[in-house]
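Only one structure is covered here, and it is reproduced in the block below.
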Amino acid sequence: MILHTSLGDNAFKRSKQLKILFDKHEITFAGNLKLKIYGRLDCASGKRMKVQNRVFFSSENEAIDLGYRPCGHCMSGAYKKWKASVS
């Protein structure tokens, strides 16, 4: 898990470092640290979250292993399976 704030001390540095990690395929999912939700990098809900709450994962399994649940917006199928398993 990579904290978004650990990628640099300003938006430009974070953006540049994020692009490098994305191009190397080192990150494939993003999540919300406080809500423990993960989703796709292009999720509209994820793009609205605060930088200090945003984290990145190298795989879906990494997010699940760390106790994160799928986003109901961008990963509705995985979310429904998760919801059924905890009910």
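The values are calculated or read from the model by the stated rules, or taken from the named source; none is laboratory data. What you are looking at is a predicted structure, and each value in this text was computed from that prediction instead of being measured. Here the Cβ is made from the backbone with ideal geometry for all residues, glycine too, and neighbour counts use every protein chain on show.
Structure values in brief
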quantity	calculated
Single condition Leu41 does not satisfy, out of (1) crowded, with 17+ Cβ neighbours inside 10 Å; (2) within 9 Å of the chain's Cα centre (by Cα)	(1)
Lys34 over 24 Å from Met75 (Cβ atoms) and either at pLDDT 95 or above or assigned to a strand (DSSP E or B) (or both)	no
Filter pass, Ser87 being exposed (fewer than 12 other Cβ atoms within 10 Å of the Cβ), of a type in the set (S, T, N, Q) and at pLDDT below 95	yes
Tally, over the range 46-84, of residues that are loosely packed, with under 15 Cβ neighbours inside 10 Å and either of a type in the set (Ser, Thr, Tyr) or more than 22 Å from Ser15 (Cα to Cα) (or both)	12
Neighbours by Cβ (under 7 Å, 6+ apart or cross-chain): first from the range 25-48, farther than 14 Å from Gly67 by Cβ; second among the polar types (S, T, N, Q) and modelled with pLDDT of 95 or more	Glu26/Ser58; Ile27/Ser58; Thr28/Ser58; Thr28/Ser59
